[in-house]
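A short worksheet on the structure shown next.
The values are calculated or read from the model by the stated rules, or taken from the named source; none is laboratory data. None of the values given here were measured: they were computed from a predicted structure. All accessible areas refer to the heavy atoms of the entire protein, side chains included, with ligands and DNA or RNA removed. Shrake-Rupley method; radii C 1.70, N 1.55, O 1.52, S 1.80 Å.
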Amino acid sequence: AHQVEGPPAYRETLYVFGTLVEIEIRGEDRDTARTASAAVGRLLQELHSDWHAWRPGGALHAVNTAIAQGRTVQVDERLAELLQEGRRLSCASGGHFNPAIGGLVGLWGFHADTPPQGAPPGPDAIAALVAADPRMTDLRLEGHRIGSVNPAVRLDLGGYAKGAALDLAAAELRAHGIADAVLNAGGDVNVLGTHSQRPWRVAIRDPFAWGVVGAIALRPGEVLYTSGNYERYLDHDSERFAHIIDPRTGYPVREIVSVSVLDSSGIRADAAATALSVAGRTGWPDVAASMGITAVLMITDTGRLMATPAMLARLEPAGDSLPGPV
Ligand code: ADP
Ligand code: MG
Ligand code: MG
């Protein structure tokens, strides 16, 4: 039987997907935990290089090269499934979440591991990429062979790859018999377990101050993903351009500074957090509904907090910053 007073928690930190990933495993002996955690580390490194859009030698880079040249290319089962799921999520989001706009991501310089510098791209270059209208529905996925009817499609999976990877990492832990663990990739969190004795509490950062807006006690199987427009950006002439791009305009999102999504699927929560940032102050409730997301917290550029009832029911506010209902 599971004991509250079990062995001490096992903790390990990896650097992968451009962020620190913390793994914490409870209730297992050290060897079991260490073996499982090492397997997760290998898996995440492998996924990161397979799914990296811009690094030559990777599987996704080969797909983008093939699309640019009007060819098709063979991919493995995992990448084929990720792209299928990306297409479904993009359609459900009404195109606000669009991993086919890698051309725009690259043009703005948000593809590099370091933040971009210098002037933003010119309006003509942006307009040309928007006019080319790359969409996930342009992809042709026949079995494991992939191509695109639109050569302007460039896949950049940065909007949902972390969620997909943490879901696979959680499955890997389960396959190792781990029943109680948390995976935290820079504030994007998956919790697994069927018999957690103490809940995992996760804080949501306040983008305007060195503090937190509140915290949520996650239940087993839950995930919490935050899309922060305050982490990676291009500063130029006192203007700040964040790394989430509105596919309709080709320009970075401004209205929404932070989106947190509480859900049961990492891949869906990650895609939704990106989609809701794009959908903006008035558009987000419809996009959340069409994506099947119920618990959302949004923070606007003027510091306004908006949250769904399902989120308010779970959020333990810090201080007096209680969001108003929508
Ligand atoms: P965070 O990096 O804060 O977790 P996201 O999960 O929203 O934020 O991912 C942002 C990344 O998604 C960008 O760096 C880019 O690679 C990609 N991206 C940008 N705009 C979009 C969009 N409209 N749809 C899908 N992916 C996007
Ligand atoms: Mg993310
Ligand atoms: Mg995302």
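Hydrodynamic analysis of the stretch 50-159 uses the Kirkwood radius over alpha carbon pairs. Inserted into Stokes-Einstein at 20 °C and 1.002 mPa s, it gives a translational diffusion coefficient of 151 µm²/s.
Remark: the stretch 50-159 carries 45 Å² of accessible area per residue (probe radius 1.4 Å; ligands, DNA and RNA excluded). Could you tell me which of rounded, prolate or oblate describes the chain, using a ≥ b ≥ c as the square roots of the eigenvalues of the alpha-carbon gyration tensor, with rounded for a/c under 1.5 and, failing that, prolate when a/b is larger than b/c and oblate otherwise? In terms of gyration-tensor shape, oblate.
With the whole protein complex present, residue 278 retains an accessible surface near 10 Å², based on a 1.4 Å probe. Among 282, 13, 35, the largest mean-square fluctuation in a Gaussian network model of the chain (Cα springs under 10 Å) belongs to 282.
Mean-square fluctuations from a GNM of the chain, with a 10 angstrom spring cutoff on Cα atoms, peak among 287, 73, 296 at 73. Once all protein chains are placed together, residue 202 keeps about 20 Å² accessible to a 1.4 angstrom probe.
The accessible area of residue 154, taken with all protein chains in place and a 1.4 Å probe, comes to roughly 60 Å². Atom-type composition of the exposed protein surface of the stretch 29-134 places 54 percent of the accessible area on carbon and sulfur (1.4 angstrom probe). For the stretch 65-104, the gyration tensor built on C-alpha atoms gives an oblate shape. Its axis ratio a/c (a ≥ b ≥ c) is at least 1.5, and a/b is not larger than b/c. Springs join every pair of Cα atoms under 10 Å in this Gaussian network model of the chain, and among 156, 188, 29 the largest mean-square fluctuation is at 29.
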